[in-house]
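FYI, it's all coordinate maths here, none of it is from the lab. The structure displayed is predicted, hence computed values, not measured ones. All Cβ positions, glycine included, derive from the backbone under ideal geometry; neighbour counts span all protein chains shown.
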Amino acid sequence: MQKPAVFLDRDGILNALVFDDACGVMGPPLDVEHVVLLRDAAELVRALNERGYLVLVVTSQPALAQGRLSVMKLDLIHGRLRMLLARAGARVDGFFFCPHDPRARYVPGASVRPELVTGCRCAKPSPGLILQAAGVHRVELRRSFMLCRDLRDVRAGRSATVDTILLTKGSMTDLEAPPELRPGHVAVDASAVVHVIDSLREAMMNE
């Protein structure tokens, strides 16, 4: 039987971004010890679990193509996230990642992996990761959502035909985006996300 799911980005929704010394910008953690669960992340995931949604993480990890991260280390990072969430009674049902980066460049101390320096159908804003996760877990897309951190996530969700919720401190009128990139809904925090989903679930049940 198909089940509804909430697809979500990982970095900036579940875990905090960290400063990347090599690139001089904030980015995803590349080591287990840098994994910090964001406030309200466990509360959000637990609420989705309780409502019967699969929680599926879809994340682009170009550091794999850049040679700065291995699949083994990425698995350890995801294991750390699972453990931190489990301590709070929350569960992620699957992690799906894109390893590609068509613009990967040399970073001191790393070796670029040429086979991953390519375009692909899995990197957002393409819907490939969402569709892959949906196929593995037999997801009913019509009743599912994409929780987005940016407009690339929104486009990926819309392309996969799932409703989109943008986590942002602004309002819908603040968004400077063309119609095809506008999310279905906006939410300022975890509790607002749950409120949006509860309202939409009730509307679906009354159809």
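Points worth noting:
- Cα gyration tensor, the stretch 46-132 - rounded (a/c under 1.5), prolate or oblate: oblate
- Assuming charge only on the beta carbon of Lys and Arg (+1) and of Asp and Glu (-1), the dipole of the chain about its Cα centre is about 460 debye to the nearest 20.
- Here each label is just a point 7 Å from Cα along the line to Cβ, and for residue 169 and residue 25 those points are 2.0 nm apart.
- Tilt relative to the chain, helix 190-205 - C-alpha long axis, 0 to 90 degrees, to 10: 50 degrees
- Placing dummy labels 7 Å off each Cα toward the beta-carbon, the span from residue 136 to residue 82 is 1.1 nm.
- Using the Cβ-Cβ distance between residue 202 and residue 16 with R0 = 41 Å, the FRET efficiency computed as 1/(1 + (r/R0)^6) comes to roughly 0.80.
- Charge tally for residue 30 (other residues, Cβ to Cβ under 12 Å; Lys, Arg +1; Asp, Glu -1): -3.
- Least to most buried among 122, 23, 98, 148 (fewest other Cβ within 10 Å first): 23, 122, 98, 148
- Residues whose amide H comes within less than 5 Å of that of residue 18, counting only those at least five positions distant or on another chain, are 27 (H built at 1.01 Å from N in the peptide plane).
- With neighbour counts taken as other beta-carbon atoms within 10 Å, the residues 145, 95, 19 rank, fewest first, as 19, 95, 145.
- Relative frequency of Cα-Cα separations exceeding 25 Å in the chain, percent: 37 percent
- Amide hydrogen neighbours beyond the local backbone of residue 59, cut-off 5 Å, H modeled: 96, 97, 98
- Amide H contacts for residue 148 (H built 1.01 Å from N in the peptide plane; partners 5 or more residues away or on another chain; cut-off under 5 Å): 165, 166, 167.
- Among beta bridges from DSSP that stay inside the chain, the antiparallel ones total about 15%.
- Exposure proxy for 55, 196: other Cβ atoms within 10 Å of each Cβ, ordered fewest to most, give 196, 55.
- Helix 41-50 and the long axis of the chain differ in direction by around 50°, with both axes built from C-alpha atoms.
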